[in-house]
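One structure below.
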Amino acid sequence: MFNLLRMDLYRLKRTKSLYICLAFLLAMTILAYWMTWRFQDPEGLGAGEMSLALQSTVETLKNYDLLMMFRDSGIDGGVFTTITGILAALFVSLDFSSGFMKNIMALHRDRWKYVASKLLTAGILNFVFLAALLVYNLLVNTCFGTLVPNSAVDSLAFYFVHTWTVSMGFSALFILVILLTRSSAMGVAAVLVLGSGLGQTLLLNFTALFHMTEWCDYTLYANLAYGPVRYSGMADWKGAVVGLVFSAVYSLLGCIVLTRRDI
């Protein structure tokens, strides 16, 4: 399995889309800080432009700190899971389209190793991207003259772990979709619908007609977009547990799919 993991990391490192996706997320961070500066700095936003809606936005931004900027600039809204999901989906589907999958299965009969390798690769990718975004937020905030107050280290660490575990659940889901469909187009479509929260929103609106909305509290997207930002008790680890459970379930289903279907 570790030979597969090492090979996957080497291939991923040489993929141009990796750096394009990372550059996009970093650009989103710059844009978020620029917009925050424009709303907060009187020189950035003229008094004549201040409508009631903008005044409300300015008041909200006064309560922002580094952690909230880290969340809103790339994590909240499904941007992070969508970008990393597309990258993971294209990476896995390439094994099928290139015929590389047959060579892998000829050398590794235990197909769970393939799923484990891909999930670990996605986990490392998500970890690196999150770490890069966090460090980049620190640097950009400093360049803007500490536009927002810095956050406590324990709060940053909790939110980092929480987001990473939930993103692992998303990665396992997207890998499963590729193993089922073996189509990059279907994989990207699933990422756009599920990673962005669109699928959950549509289903939630439908089940709300029957007063059945409690299930939403245990979905990956809800725990990523609406989960706790700072740790206040053991109940705040619910999102991390949800992410780990879905990672295990989707990985198990992926192993079953590979075992039952011909390569």
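Considered as an equivalent ellipsoid built on the Cα gyration tensor, region 145-241 has semi-axes of 28, 19, 13 Å, the largest given first.
Rounded to the nearest 10 degrees, what's the angle between the helix 16-40 long axis and the longest principal axis of the chain, both from Cα atoms, 0 to 90? The two axes meet at around 20 degrees. Relative to the longest principal axis of the Cα atoms of the chain, the long axis of helix 198-208 lies at roughly 80 degrees.
Please report the spacing between the Cα centers of region 95-160 and region 219-261 in Å, no decimals. Cα centroid to Cα centroid, the span is 15 Å. Estimated from helices alone, the mean residue ellipticity of the chain at 222 nm is -23500 deg cm²/dmol (sum of -39500 (n - 2.57) over DSSP H runs with n ≥ 4, per residue).
Using the Cβ-Cβ distance between THR213 and LEU252 with R0 = 25 Å, the FRET efficiency computed as 1/(1 + (r/R0)^6) comes to roughly 0.35.
The relative contact order of the chain, computed from alpha carbon pairs under 8 Å that lie at least 6 residues apart in sequence, is 27 percent.
For the chain, the Kirkwood estimate of hydrodynamic radius, built from reciprocal distances between every pair of different alpha carbons, is 19.9 Å. The count of lysine pairs in the chain with alpha-carbon distances below 24 Å, taking only pairs 8 or more places apart or on different chains, stands at 6.
Largest first and in whole Å, the equivalent-ellipsoid semi-axes of region 70-114 read 32, 12, 5, each the square root of five times a Cα gyration tensor eigenvalue. Using a probe of 1.4 angstrom and keeping all protein chains present, the accessible surface of the chain works out to 51 square angstrom per residue.
Between LEU198 and PHE144, residue separation times 0.36 nm minus the direct Cα-Cα distance comes to 16.1 nm.
For the chain, the longest principal axis of the alpha carbon atoms and the long axis of helix 52-61 meet at an angle near 70°.
Maximal additional length on extending the ARG260-PHE100 stretch stands at 55.7 nm, based on 0.36 nm per residue less the C-alpha distance. The accessible surface of region 81-137, taken with every protein chain in place and a 1.4 Å probe, is 68 percent carbon and sulfur. Remark: the TRP112-ARG14 segment gains 32.8 nm on full extension, using 0.36 nm per residue and subtracting the alpha carbon distance. Would you mind computing the Rg to Rh ratio of region 223-263 from its alpha-carbon coordinates, Kirkwood style for Rh? Here the Rg-to-Rh quotient is 1.25.
The values are calculated or read from the model by the stated rules, or taken from the named source; none is laboratory data. Here the structure is a predicted model, which means the values were calculated and not measured. Cβ coordinates were reconstructed from backbone atoms using ideal geometry, including for glycine residues, and neighbour counts include every protein chain displayed. The area values use the complete protein model at the heavy-atom level, side chains included, leaving out ligands, DNA and RNA. Shrake-Rupley method; radii C 1.70, N 1.55, O 1.52, S 1.80 Å.
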